[in-house]
1. For residue 313 and residue 171, FRET efficiency with R0 = 51 Å and r from the beta-carbon atoms, rounded to 0.05?
2. Given the C-alpha atoms of segment 378-476, compute the convex hull and give its volume per residue in Å³.
3. Net charge near residue 504: determine it from the other residues with C-beta under 14 Å of the C-beta of residue 504, scoring Lys and Arg +1 and Asp and Glu -1.
4. Based on the alpha carbons, how large is the Rg to Rh ratio for segment 298-424 when Rh follows Kirkwood?
5. Which length gain, in nm to one decimal place, applies between residue 303 and residue 286 when the Cα-Cα distance is subtracted from 0.36 nm times their residue separation?
6. Which aspartates and glutamates, if any, have their Cα less than 17 Å from the Cα of residue 262, not counting same-chain residues under 8 positions apart?
7. Per residue, how big is the convex hull of segment 469-523 when only Cα atoms are used? Give it in Å³.
8. So how do 376-385, 46-55, 532-541 stack up, highest first, on mean other-Cβ count within 10 Å?
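Each value in this text was obtained by applying a stated rule to the coordinates, not by laboratory testing. Computed from a predicted model, the values in this text were never measured in an experiment. Please note: Cβ atoms are built from the backbone with ideal geometry, for glycine as well, and neighbour counts cover all protein chains shown.
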Amino acid sequence: MQHFHVLTRRGFLDRSFKIGLGVALSTLTDIPLVVKRALAEGNIGLNGKKLIFIFLRGANDGLNAVIPAQDPAYIYNRPNIGIPLDSSSYTQSGPCGFSTTGTANPTFSAADTALNLGNQFAALHPSLRFLAPVYNAGDLALIHRVAYPNQNRSHFDSQNFWESAAPNNNLVKDGIFYRAMVQSGLASSAPLTGVSIQSALPFSLRGSAAAMTNLTDPTRYNLLGVPNTTQGNYKADKAIYASDQFSFPDKLDRDLLNLQYKNMTDTLAIFAGIDFSETGNTFVDNTSGGTDGDAPYYLFPTQNQKNGGAYMNGRTNDTTKYVVDTSAYSLFLNLKAAALILNKTDAIVAGTEYGSFDLHQTQGGVVGSHAKLLKTIGWAMYALQNYFTTYGRGNNAPSSSAKVNWNDVVVVTLSEFGRTTIQNGSAGTDHAEAGVMFVAGGGVKGYNKGNPSGVFGCSPTDSFNGISNLGWAPATSASAQNGSMFGASGRYLKRAVDYRSILGKLIRDHLGATQNQLNQIIPGYAVAGERLLSGGTSSIDGVPIFGELPII
């Protein structure tokens, strides 16, 4: 019996694309490590610009974070988890509201209703109230309806696709920020380029041609797990040095192994000069106390005594004065480390992760599980803005070793997909399609700083790259399952922005890659039909997208 292998046109194109992707990703990995900096284009790592990423694992519910307040289908389809709306405020243009009142939790759960975002359509979850100062400074872009073609709804796969920047392609085994560091050429000579502070090195920083750095606990152990004492570091350094003296044949990536040994010793020496301890956690703001006289607050709350005003003015653990939930202390330990590393070393990218966003049941509304998570994200953005503004290079209280300020840094959140438009039977939400990205930084063009609004993708009047027919389409009535909230498969929020267009814009126009480098870091840019740069209808699934947004 003869067997015929039938290859459809779609299958041929898919395989051809993946082969081409593999070629694109291999273009710099075959070059000897020692000459990569000389051959590298662009200014990645040379222009002083840096990036912090926070991966919100579990899939953040974008519809309850940046709320389509003027879409009648929003509240109707979320009777138990929808955020109450003040119908009189969302038609007003201007800055984001910063409420200090509300009966649910009067201090830091903020108001009982969604906060006006001033674009005459969208609102902000009240627990994100500390995004308001960042937003009103023009330093924040809230980007809605973000996803990728043929959205995968598996947590594991979709997280990998976000971190590889190669949607629906499991052949790619290295990450987007890793490729950016390799393209810089510095990964072959600098001990620190990409750094993560979490339980394990994330996919976004993994690759086979250079060594990135991961810290599991910067306050307790150094990179080898040796207690961070002078004697421990000395012994570790001697062991690494001795291991690098053996003679090996010139094969099996010995140059990479030698580089890894050198990077470890150099990294240990660099980190020994940074105070990651709780004693060194003295960074504070000067504006958060409002009318209660509690300012300043610690920027990185890592214990109850440093969590808002809970222990100020004679209070003892007043939980209504917490700025974040106590479960978030490990995140702020990691964020503080990331901020210190970018401010005090030559590292270019640093990041961490924050989990528990997979809320299939009892998600909550103004208060509850999701509200606690969002409160943490809002304070994290506010804290990073304050840290680099106050303690960065050339500012009010910089250290002598400060290398960057807020204008040099961009903070970006990632999350694998959004949540269902309709709440489920357990008062939660399930896996869906488009969600929200937060992008903050002194160079971000947000509200009244290059753009009339800091909200992108959540207005009927949005127009970018000459594409004016992709604005948010509200449902024709509260009960009608149509419009943008049901635009994908008749049940999910439909994408209008590809996440790769956001990351690509940041890597090129902030970090300093050339377009040619970006085509290799995110190979979808080299595929005209993907429409990542200028927007249009994607050749992958036929969905129109905006392309890059004017956020930098």
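1. Computed FRET efficiency for residue 171 and residue 313 comes out at 0.30.
2. Roughly 155 Å³ of hull volume per residue.
3. Result for the neighbourhood of residue 504: +1.
4. Radius of gyration over Kirkwood radius for segment 298-424 works out to 1.02.
5. Difference between extended and current length: 4.2 nm.
6. Answer for residue 262, where 17 Å is the Cα cut-off: 237, 244, 253, 346, listed by chain and number.
7. Considering the Cα atoms of segment 469-523, their hull volume per residue is 101 Å³.
8. Most protected by this proxy first, the peptides run 376-385, 46-55, 532-541.
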